[in-house]
Amino acid sequence: MVIAVTLIVSFAIRLTGDPAVMLAQGAGSVTEADLERIREALGLNQSFLAQYIGFLQGLVVGDFGRSFMGGTPVSDLIGRALPATLALAFASLFLSIVISIPLGIKAAVSRGRWPDQMIRIFSLIGLSFPNFWLAIMLVLVLSITFNLLPPSGMEGFSSFIMPAATMGIILTATNVRLVRTTMLDTLRSQYIMVARAKGLSNTVVLYKHALRNCSIPLITYFGLQFGGLLGGIVVVERVFNWPGLGTLAFEAVSARDYPVLQGVITVLSLMIISINLLVDIAYGLVDPRVRKE
Amino acid sequence: MTTTPALSVRSLSVNFGSNQVVKNLSFDVYPGKTTAIVGESGSGKSVTSLAIMRLVEYMNAEITSGTIRFYSDANDAQPQDLTQLSDKAMRKIRGKDIAMIFQEPMTSLNPVYTIGDQITEVLVLHEKLTKEAARVEAVKLLKLVRLADAEALLKRYPHQLSGGMRQRVMIAMALACRPKVLVADEPTTALDVTIQAQILTIMRDLQQELGMAVIFITHDMGVVAEMADQVVVMRHGEKVEEASVEEIFARAQHPYTQALLAAVPKLGSMQGEALPRMDPLVVLDGNIARTLGESRQQDTARIDAASVVEVENLVTRFDIRKGFFGGISHRVHAVENVSFNIFPGETLALVGESGSGKSTIGRTIQQLQESTSGTIRFGGRAVADMSRAEKMRLRQEVQYIFQDPFASLDPRKTVGFSIAEPIRTHGLLHGSKAIRQRVNQLLERVGLSADQAERYPHEFSGGQRQRVCIARALASKPKLIIADEALSALDVSIQAQIIHLLMELQQDEGLAYLFISHDMAVVEKMSHRVAVLHLGQVVELGERRAVFDSPQHSYTRKLLSAVPVADPTQRRERVLLQGDILSPIRKVGDEPQHLPLIQVATGHFVAQEESGAERLAS
């Protein structure tokens with residue numbers, strides 16, 4: 001899995017052009033000999049396969065190589081950016097789960113009546129926002145017009161609000177619908193009627209008996225969503241100038257900084273794989289039928 | 001007898017939107033007594049039970065008028081009217097004073113919580129017990145419903161329990177707060193007869209012990225005769241008759257009740273008769289119960305002719321793979337060494353409980369399922385030796401009717417198309433006009449009209465759909481029809497009509513039936529010979545009269561004694577049948593012992609019983 005991803009990325013990135021040319025830019029007149037020297041210093045004169053094998057050898061011992069720009073070890077760059085991205089990703093996912101579960105349940109319970117209609121309309125609007133547009137609008141209103149929140153950077157809690165809200169709102173729009181559908185299915189079950197017949201309150205019936213049964217499809221979906229979330233974060237990080245993997249990747253692409261980009265992609269794919277593993281573990285926790293005898 | 005009822009329903013009406021499903025219903029139920037509400041599908045009996053619990057509001061239905069008075073004791077001068085209570089006040093009564101048992105034990109327990117969690121929940125809620133005290137009480141309750149090993153059971157999840165055990169857990173849960181009124185909605189319908197007998201006995205004993213008033217909702221007149229004191233008969237949302245159980249069975253007043261009772265097959269009604277008997281149908285014509293047709297003997301079996309099908313030492317097993325590498329750890333021994341034959345015009349019944357392998361035998365004969373070993377012969381030729389063309393022809397001669405007529409018809413095709421399909425597939429007729437004529441003729445043959453060919457399955461009722469399935473089966477002019485629980489999903493009056501139709505077709509076309517069923521009373525009515533299956537093996541095989549009148553194998557006797565008889569005067573103190581249904585799943589290498597069949601009379605074979613020591617070991 002990791003091999004497949006890194007191989008494709010390493011290959012594709014080399015189609016974008018020669019990094020030596022980028023490096024040499026701004027240095028005034030450059031001769032072909034200068035370029036050749038740069039290539040040799042960066043190891044770009046070797047064949048693609050040799051470069052890739054070199055990258056893999058480094059990977060095994062946790063060495064991602066050095067950035068073409070300034071020579072900082074890639075692992076240092078990632079080490080600085082990763083916590084920022086993870087913090088943002090989990091904050092968005094958490095925000096979306098916390099909002100979408102009660103709203104989705106409310107929509108399911110009041111199916112066809114006005115709360116349901118309202119929630120579905122808002123969800124449709126949320127689905128129609130492009131994330132960068134929402135991000136820019138938030139900056140425009142909350143930072144520039146009312147000057148309530150810092151427009152960019154990562155300093156303190158207040159700087160989290162806008163980026164997390166941008167991602168969170170868009171995730172919530174889909175999640176609400178998902179929660180609503182799975183909840184409607186679950187509420188039709190006989191054991192829900194049995195729970196009501198016991199005299200349990202609505203809250204206990206919905207949040208104890210129904211929600212845990214909904215959680216299998218929900219966990220599956222939230223896990224899948226995490227991958228998409230990491231993709232979307234690149235754009236949002238850019239808008240808010242968030243010092244995370246997205247910004248790092250963006251800069252690496254602009255500069256054709258192969259080692260950095262390869263490193264970022266490898267880390268992202270490792271994260272997606274581990275999320276899938278966590279999802280499988282979570283199944284066992286919520287559903288006794290999945291557990292081994 | 002107390003004169004104060006526990007619950008008194010007056011002029012109750014329930015609506016689904018503008019559709020009134022319960023109309024002006026009144027009845028009482030007294031402490032320690034059982035009022036049964038009987039009716040066929042659509043009679044509003046289940047909605048009534050949910051209305052008493054005020055659960056209809058969660059199904060988008062509402063109580064539009066009437067009162068439901070609940071008397072907390074015999075001196076209660078101011079009973080609460082449940083229809084007027086707030087949701088909060090109602091929740092205090094639900095599960096505490098009035099509890100309910102539902103039909104489907106497989107789905108009525110929450111799969112993600114332990115049995116213990118689900119029982120203690122009620123006790124903590126209503127009795128304000130601590131967790132620990134509730135646990136102690138839960139153990140007592142599980143013992144009350146006669147579940148062994150109650151302590152360990154608390155920690156188990158519903159999927160680890162059999163249907164019968166789950167229903168007992170459900171009863172324990174309902175009885176947790178010693179309710180005054182118990183509403184039981186078809187509590188045993190989904191269970192095997194021996195398990196049903198256990199559950200009914202437990203319910204009756206506990207009712208005596210706790211002095212509960214029980215509202216028992218059912219479609220099964222046999223269960224009514226066993227359980228009820230008072231009977232309310234419902235039809236299309238209205239009460240058509242109410243009387244004591246003895247009155248209803250002896251002197252039913254309303255023609256609907258009369259027709260309903262006439263349709264119920266009664267176990268033992270064929271005693272002494274050699275052949276199946278086709279009884280006249282009692283149908284409701286307006287408001288008069290009319291008798292159609294005459295009683296006649298079904299002398300159709302041609303036992304001198306060659307068998308239609310012969311099954312010899314049939315074995316069908318399924319592998320169960322476990323673990324990452326998928327090694328076979330267990331096997332389902334669905335069919336073990338089964339042999340029988342069917343003559344033209346004969347009905348052979350395969351009876352047994354879940355896991356007895358009866359359906360697998362049917363599927364194996366129809367080549368829907370591969371056998372592990374053994375021979376199946378049609379017209380003397382083994383299926384294994386047949387060419388593809390011969391096997392194709394066999395599919396024409398053997399037809400299958402399934403339990404669920406809706407699921408076995410394509411919802412997007414007209415029934416005419418579905419009936420014509422086998423005619424086209426086997427190239428029996430050519431030209432659309434000829435095919436259409438044949439379809440029309442088949443529809444009329446099964447009691448439908450030719451102009452219904454253009455309609456879709458959802459436009460038909462359950463009984464009509466089963467008729468369409470029979471028409472489709474007849475389309476390819478089969479010699480053998482395998483009817484796999486084909487009557488089980490139907491209301492009794494419809495069931496009687498389909499039995500009538502099947503027997504008529506047998507008489508006219510000389511059809512042989514392999515009749516797979518768990519319903520002993522229907523089997524008694526219809527079949528010439530009976531094979532009783534247990535754990536994939538035939539334990540008794542013989543003429544129906546021999547098997548039913550003098551059952552030899554202990555399992556056959558157990559099965560027969562478990563069937564509730566639709567006659568309250570025959571109510572007997574039943575010995576409590578112990579134990580769950582045994583599982584046909586065994587470890588690899590642990591092969592079941594094949595029990596040799598011994599002929600006890602001409603054509604009557606009985607399996608040798610396993611000795612006690614061997615039983616314990618297995």
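The values are calculated or read from the model by the stated rules, or taken from the named source; none is laboratory data. Note that this is a predicted model, so its numbers are computed, not measured. Quick reminder, even Gly has a Cβ in these numbers, built from the backbone with ideal geometry, and neighbours come from all protein chains shown.
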Filter segment B:1-52 for residues that are among the aliphatic types (A, V, I, L, M) and assigned to a loop (DSSP other than H, G, I, E, B); which is nearest to B:Thr218 (Cα to Cα)? B:Ala6
Taking the conditions exactly as written (in contact with a strand residue (DSSP E or B) (Cβ under 7 Å, 6 or more places away or on another chain) and either in a helix (DSSP H, G or I) or more than 14 Å from chain A (Cβ to nearest Cβ) (or both)), does B:Ile171 satisfy them or not? yes
For segment B:458-483, how many residues meet the condition of being over 30 Å from B:Thr300 (Cα atoms) and at pLDDT 90 or above? 0
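Is it the case that B:Thr194 is in contact with a helix residue (DSSP H, G or I) (Cβ under 6 Å, 6 or more places away or on another chain), surrounded by fewer than 22 Cβ atoms within 10 Å (Cβ to Cβ) and in a helix (DSSP H, G or I)?
For B:Thr194, the condition - in contact with a helix residue (DSSP H, G or I) (Cβ under 6 Å, 6 or more places away or on another chain), surrounded by fewer than 22 Cβ atoms within 10 Å (Cβ to Cβ) and in a helix (DSSP H, G or I) - is met.
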Please enumerate the residues belonging to segment A:241-268 that are under 18 Å from A:Ser92 (Cβ atoms) and either part of a helix (DSSP H, G or I) or more than 18 Å from the chain's Cα centre (by Cα) (or both). A:Leu245, A:Gly246, A:Thr247, A:Ala249, A:Leu268
If B:Thr189 satisfies every condition in (1) polar (S, T, N, Q); (2) touching a residue at least 40 places away in the same chain (Cβ under 8 Å); (3) away from chain A (no Cβ under 14 Å); (4) part of a loop (DSSP other than H, G, I, E, B) but one, which is the exception? (3)
Give B:Ile581, B:Ile585, B:Ile499, B:Ile516 a once-over and let me know the one that is in contact with a strand residue (DSSP E or B) (Cβ under 9 Å, 6 or more places away or on another chain), surrounded by fewer than 21 Cβ atoms within 10 Å (Cβ to Cβ) and of a type outside the set (S, T, N, Q). B:Ile585
Could you tell me which numbered condition B:Leu577 fails, if it satisfies all but one of (1) outside the structural domain of B:Gly357 (by TED's automatic domain parsing); (2) under 24 Å from B:Ser359 (Cβ atoms); (3) at pLDDT 80 or above; (4) among the aliphatic types (A, V, I, L, M)? (3)
Does segment B:51-68 contain any residue that is over 30 Å from B:Ile494 (Cα atoms), more than 9 Å from chain A (Cβ to nearest Cβ), surrounded by 18 or more Cβ atoms within 10 Å (Cβ to Cβ) and touching a residue at least 60 places away in the same chain (Cβ under 8 Å)? yes
Is it the case that some residue within segment A:150-159 is of a type in the set (A, V, I, L, M, F, W, C), farther than 30 Å from B:Cys177 by Cβ and loosely packed, with under 15 Cβ neighbours inside 10 Å? yes
Extreme residue, surrounded by the fewest Cβ atoms within 10 Å (Cβ to Cβ), among residues of segment B:473-496 that are among the polar types (S, T, N, Q) and within 28 Å of B:Ile376 (Cβ to Cβ): B:Ser488
Count of residues meeting criterion [farther than 18 Å from B:Glu444 by Cα and touching a Ser or Thr at 6+ places or on another chain (Cβ under 8 Å)] in segment B:409-424: 2
Checking A:Arg238 against (1) part of a helix (DSSP H, G or I); (2) surrounded by 20 or more Cβ atoms within 10 Å (Cβ to Cβ), only one condition comes out false. Which one? (2)
So which of A:Leu95, A:Leu82, A:Leu77, A:Leu59 ends up being closer than 25 Å to A:Val235 by Cβ and either among the aromatic types (Phe, Trp, Tyr) or surrounded by fewer than 19 Cβ atoms within 10 Å (Cβ to Cβ) (or both)? A:Leu82
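Please work out if A:Gly70 is part of a helix (DSSP H, G or I), without any contact (Cβ under 8 Å) to a residue 12 or more places away in the chain, within 14 Å of A:Pro259 (Cβ to Cβ) and among the small types (Gly, Ala, Ser).
Numbers: part of a helix (DSSP H, G or I): no; without any contact (Cβ under 8 Å) to a residue 12 or more places away in the chain: yes; within 14 Å of A:Pro259 (Cβ to Cβ): yes; among the small types (Gly, Ala, Ser): yes.
Considered against the rule, which asks whether it is part of a helix (DSSP H, G or I), without any contact (Cβ under 8 Å) to a residue 12 or more places away in the chain, within 14 Å of A:Pro259 (Cβ to Cβ) and among the small types (Gly, Ala, Ser), A:Gly70 comes out as no.
In segment A:144-160, is there at least one residue being under 30 Å from B:Met53 (Cβ atoms) and touching a helix residue (DSSP H, G or I) at 6+ places or on another chain (Cβ under 8 Å)? Before you say what the answer is, go through the steps one by one.
Here is the first cut: in segment A:144-160, the residues under 30 Å from B:Met53 (Cβ atoms) are none.
No: segment A:144-160 contains no residue that is under 30 Å from B:Met53 (Cβ atoms) and touching a helix residue (DSSP H, G or I) at 6+ places or on another chain (Cβ under 8 Å).
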If B:Arg363 meets every condition in (1) buried (at least 21 other Cβ atoms within 10 Å of the Cβ); (2) within 27 Å of the chain's Cα centre (by Cα) apart from one, which number is that one? (1)
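Please work out if A:Ile273 is β-branched (Val, Ile, Thr), in contact with a helix residue (DSSP H, G or I) (Cβ under 8 Å, 6 or more places away or on another chain), touching a residue at least 12 places away in the same chain (Cβ under 8 Å) and surrounded by 17 or more Cβ atoms within 10 Å (Cβ to Cβ). Break it down stepwise before answering.
Numbers: β-branched (Val, Ile, Thr): yes; in contact with a helix residue (DSSP H, G or I) (Cβ under 8 Å, 6 or more places away or on another chain): yes; touching a residue at least 12 places away in the same chain (Cβ under 8 Å): yes; surrounded by 17 or more Cβ atoms within 10 Å (Cβ to Cβ): no.
No, not satisfied.
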In segment B:437-452, anything touching a residue at least 24 places away in the same chain (Cβ under 8 Å) and among the acidic types (Asp, Glu) is listed as none
Can you name the residue in segment B:446-472 that is farther than 21 Å from B:Asp491 by Cβ and surrounded by 19 or more Cβ atoms within 10 Å (Cβ to Cβ) and, of all such residues, is nearest to the chain's Cα centre (by Cα)? B:Arg472
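Can you give me the ranges of the helices (runs of 4 or more DSSP H) entirely in segment B:72-158 with at least 1 residues that are within 14 Å of chain A (Cβ to nearest Cβ) and over 29 Å from B:Thr218 (Cβ atoms)?
Numbers: elements: B:87-93, B:115-126, B:131-144, B:150-153.
Helices (runs of 4 or more DSSP H) meeting the threshold: B:87-93, B:115-126, B:131-144.
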